[in-house]
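Report on the structure given below.
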Amino acid sequence: MSSRRFVIVTRPEPGLTETMNAIRALGWVPVACPMLVIRHYLPPEEVECDVVLVTSLNALPALKNWSKRKRIITVGQKTAQRAREYGFLHVDSAGGDAKSLSQLCLQNNIVGQKVLLLSGKGYGVELAAQLKTQRLEVYDVFQNTELTEEAKNVFLNEEIAAVCFYSGRTAKAFEAALEQKYREKLKDIRAVCLSEGIAQELSSELWKEKIWPKPLEGLGPYKGS
């Protein structure tokens with residue numbers, strides 16, 4: 001049986017535990033290595049707008065006291081599913097990254113000051129400018145500069161089959177945190193990504209393979225050797 005049974009998960013909560021459980025169900029051994037720390041602000045009062053654009057799962061808690069009839073457009077299907085679980089009745093989704101969200105809005109004339117973009121601190125500035133929307137920061141993001149000890153151990157033991165990436169910032173943070181002794185081992189490891197845009201944030205020459213857009217499907221069930 002192959003010793004490469006471990007899969008590193010770089011996303012923070014919310015989403016980390018859910019993803020690890022899904023990977024475990026496929027027969028792999030997930031390793032938590034969140035590269036970002038999320039700190040939510042106090043939920044804001046409801047803002048007057050016709051449409052709310054949500055670029056991340058991390059923005060959804062800000063909407064918990066808002067009217068559930070508010071139209072929501074999310075960056076991808078996972079965030080849309082969570083918005084529906086929050087009780088929102090009118091939810092659509094883009095293709096998994098900011099570029100697809102921008103295209104969807106432009107194609108449907110979802111632009112201007114009647115549209116509100118929810119984002120993390122420093123995120124979504126270009127998107128809001130492009131669509132001429134309101135923008136509200138509802139959480140802050142801090143980057144981890146080191147891997148977890150468990151991730152370091154499976155790296156050195158050459159037990160990693162893949163690393164999962166659900167945002168461009170986690171992808172960049174992960175590569176930035178790698179010491180040379182870990183970087184040189186990426187040639188035998190797959191990067192499974194939520195979107196092509198996220199995959200493009202990774203250095204192609206370092207990885208065995210980059211796969212998108214569905215990380216769990218790209219990973220597939222563990223089959224041993």
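Read-outs: derived from the displayed coordinates by stated rules, not from any lab. Remember, it's a predicted structure, so these values are computed and weren't measured experimentally. Don't worry about glycine lacking a Cβ; one is built from the backbone with ideal geometry, like all the others, and counts go over all protein chains shown.
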Links that overshoot a 31 Å alpha carbon limit, given the list K78/K208; K70/K210; K68/K121 | K70/K210
Please state, as a whole number in µm²/s, the translational diffusion coefficient that the Stokes-Einstein equation yields for the range 166-225 at 10 °C and 1.306 mPa s, with Rh defined as the Kirkwood radius across alpha carbon pairs.
-> 133 µm²/s
At 20 °C and 1.002 mPa s, what whole-number value in µm²/s does Stokes-Einstein give for the translational diffusion of the range 1-95, with Rh from the Kirkwood sum over Cα pairs?
-> 143 µm²/s
Using 0.36 nm per residue of separation minus the Cα-Cα distance, give me the extension gain between K185 and H90 in nm, one decimal.
-> 29.7 nm
Which value in nm describes the separation of the simple spin-label points at A176 and D140, placed 7 Å from the Cα toward the beta carbon?
-> 1.6 nm
Give the relative contact order (percent, whole number) for the range 1-92; include only Cα pairs under 8 Å separated by 6+ residues.
-> 21 percent
For the chain, using Cα atoms only, the Rg and Dmax in Å read 18.3, 58
Could you tell me whether the range 40-142 comes out rounded, prolate or oblate from its Cα gyration tensor? Rule is a ≥ b ≥ c as square roots of the eigenvalues, rounded for a/c under 1.5, then prolate if a/b exceeds b/c, otherwise oblate.
-> rounded
Check: C-alpha center the range 84-112 vs C-alpha center the range 15-39, spacing in Å is 26 Å
Just for the chain, what percent of DSSP beta bridges are antiparallel, to the closest 5?
-> 15 percent
Taking r as the C-beta separation of K114 and E196 and R0 as 30 Å, the FRET efficiency to the nearest 0.05 is 0.45
For a footprinting-style exposure proxy, rank E146, E45, E201, E85 by other Cβ within 10 Å, fewest first.
-> E45, E85, E146, E201
For the range 72-205, convex hull of alpha carbons as volume per residue, Å³ = 130 Å³
